[in-house]
Structure formats: structure tokens, C-alpha cells
Amino acid sequence: GAVVSQHPSWVICKSGTSVKIECRSLDFQATTMFWYRQFPKQSLMLMATSNEGSKATYEQGVEKDKFLINHASLTLSTLTVTSAHPEDSSFYICSALGGPYNSPLHFGNGTRLTVT
Amino acid sequence: AQSVTQLDSQVPVFEEAPVELRCNYSSSVSVYLFWYVQYPNQGLQLLLKYLSGSTLVKGINGFEAEFNKSQTSFHLRKPSVHISDTAEYFCAVSRGGNTGKLIFGQGTTLQVKP
């Protein structure tokens with residue numbers, strides 16, 4: 001079946017540095033990918049919609065300059081957390097739509113970001 | 001606007017017992033409904049979904065859910081649980097009919113005891 005690969009699975013970085021997270025669709029083309037954030041013991045919150053070849057659409061309250069999203073190809077979207085701070089520590093999960101409008105949504109395995 | 005409420009934050013149950021995880025939603029438009037399972041430090045796996053048609057939806061791992069429009073519910077059920085079913089379960093509704101933009105409930109931790 002369709003697989004979405006997310007890398008890295010976990011990362012620890014120092015405050016003030018930037019971290020890039022990759023989301024790849026391995027066996028299908030994903031024109032649209034989504035980035036979610038999950039705080040410990042909480043639900044997932046949609047951060048942004050990543051569209052191949054165009055600017056990402058951010059949800060209300062999400063800083064676009066803080067969370068840079070690039071969807072350079074039909075199989076890759078990246079999320080860069082810029083100038084990370086401890087409050088950015090979270091579990092980030094990407095998802096990809098593979099197919100027509102109501103196709104299943106495939107999730108990556110997530111990235112655990114810890115900012116020290 | 002849509003919203004999802006999972007009525008139980010934790011559900012403890014003994015192995016081989018039946019279980020029901022409750023989910024209610026609110027929406028002024030037609031919605032698609034989903035149940036996902038999340039194991040520790042992993043992404044989400046789709047258990048089942050309701051897009052249209054039969055209100056009783058069967059999913060993987062023996063789970064099923066029933067869409068009840070009048071009660072705006074989409075409860076998840078399994079007749080006999082296993083230890084391996086211990087995980088976090090999320091109910092979700094699509095936003096504006098877009099199956100990529102999901103609004104998730106708060107999650108229910110299913111704890112299966114031996």
C-alpha cells in the first residue's frame with residue numbers, strides 16, 4: 001500500500017538553530033501534503049497545507065516565517081522549524097493525499113522534535 | 001465550523017471484552033468521518049472511514065463504526081479486544097469535505113488488561 005516516509009524520526013537541537021523535517025510519498029505522487037503538530041497527550045492540530053509548486057497555506061495562528069514549508073516535487077514536502085525554541089518541542093506528523101478528492105490520507109510516522 | 005468530541009479520555013477494558021469508543025461531531029454541512037489509531041511515537045493508521053452509503057462501516061483489525069446522523073455520532077466498536085489493541089484512538093472529521101484537512105478529537109486511550 002501507499003507509504004509516507006518521514007525523516008528524521010527524532011531530532012534534538014539547540015535553541016536558536018533550525019531543523020528540517022522531510023516528508024516523502026514513496027509509491028505515489030502527492031500534489032497535496034499536510035503538516036500536523038501534536039503536543040504530548042493531546043490531539044493533532046493542522047498547521048498547514050503544502051501544495052506542490054505553490055505556496056503553503058497556513059492555519060490561523062501558525063507563523064509562516066517560523067515554520068517554512070517547501071513542496072518542491074510531487075513526492076517531497078519539507079518543514080523547517082526556524083530559530084527553534086523549547087516551546088517548539090513537539091511531535092510533527094505529515095500526511096499526503098494519494099489520488100482523487102476523497103482518497104485515503106496517508107500519514108508518516110512522525111518526528112519528535114526536542115529543543116534544548 | 002466542524003468539531004469533534006471524544007467523550008472518554010481513557011477506556012480500560014479486559015482482554016476479550018467488547019469495547020465502544022464514543023465520538024460525537026458537530027457540523028453544519030455533510031462530513032466525512034474517520035477513526036485512526038496511533039501507537040506510541042508513531043504516526044496514524046486509518047481504521048475505517050465513512051464517506052457515504054451504508055452507515056455501518058467495517059474497518060481493519062475487527063473494528064467497526066456506525067454513523068448516526070440524527071445523534072451526530074460515529075462510535076467505534078470491537079466485539080472482543082486484544083492486548084495489542086492498546087493504543088490511542090482518534091476520531092476525525094473532514095473540514096469542508098476535504099479529506100486531507102482533518103479536525104481531530106482529543107483522543108481516547110484504550111487500555112486492554114490481561
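Can A:Ala72 be described as part of a strand (DSSP E or B), farther than 20 Å from B:Leu44 by Cβ and either in contact (Cβ under 8 Å) with a residue 40 or more places away in the chain or more than 13 Å from the chain's Cα centre (by Cα) (or both)? Taking the combined requirement at face value, the residue satisfies it. Take B:Glu16 and decide whether it is modelled with pLDDT of 95 or more and either within 25 Å of A:Gly98 (Cβ to Cβ) or of a type in the set (Lys, Arg) (or both). Here the answer is no, as B:Glu16 does not meet what is asked. Filtered by the rule that a residue be more than 14 Å from A:Tyr36 (Cβ to Cβ) and β-branched (Val, Ile, Thr), region A:58-80 gives A:Thr75, A:Thr78, A:Thr80.
Condition check ((1) among the aliphatic types (A, V, I, L, M); (2) within 25 Å of A:Lys41 (Cβ to Cβ); (3) surrounded by fewer than 15 Cβ atoms within 10 Å (Cβ to Cβ)) across all residues:
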residue	(1), (2), (3)
B:Gln6	no, yes, no
B:Pro18	no, no, yes
B:Val57	yes, no, no
B:Asn68	no, no, yes
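If the condition is being surrounded by 13 or more Cβ atoms within 10 Å (Cβ to Cβ) and without any contact (Cβ under 8 Å) to a residue 12 or more places away in the chain, then region A:1-42 contributes only A:Gln42.
Would you point out the residue of region B:80-98, among those that are within 15 Å of the chain's Cα centre (by Cα) and not hydrophobic (A, V, I, L, M, F, W, C), that is farthest from the other protein chains (Cβ to nearest Cβ)? Result: B:Asp85. Quick check on region B:62-76. Is at least one of its residues farther than 28 Å from A:Met33 by Cα, β-branched (Val, Ile, Thr) and either in a loop (DSSP other than H, G, I, E, B) or touching a Leu at 6+ places or on another chain (Cβ under 6 Å) (or both)? Looking for residues that are farther than 28 Å from A:Met33 by Cα, β-branched (Val, Ile, Thr) and either in a loop (DSSP other than H, G, I, E, B) or touching a Leu at 6+ places or on another chain (Cβ under 6 Å) (or both), one finds at least one in region B:62-76, hence yes.
When the residues of region A:30-52 are filtered to those that are within 16 Å of the chain's Cα centre (by Cα) and not in a strand (DSSP E or B), the one that is farthest from the other protein chains (Cβ to nearest Cβ) is A:Glu52. Please determine, by comparing only the residues of region B:89-102 that are in contact with a Lys or Arg (Cβ under 9 Å, 6 or more places away or on another chain) and either at positive phi or surrounded by fewer than 22 Cβ atoms within 10 Å (Cβ to Cβ) (or both), which one is modelled with the highest pLDDT. Checked region B:89-102; the qualifying residue modelled with the highest pLDDT is B:Lys101.
The values are calculated or read from the model by the stated rules, or taken from the named source; none is laboratory data. Because the structure is predicted, anything quoted here is derived from the model rather than measured. No Cβ is skipped: glycine too gets one built from the backbone with ideal geometry, and neighbour counts run over all protein chains shown.
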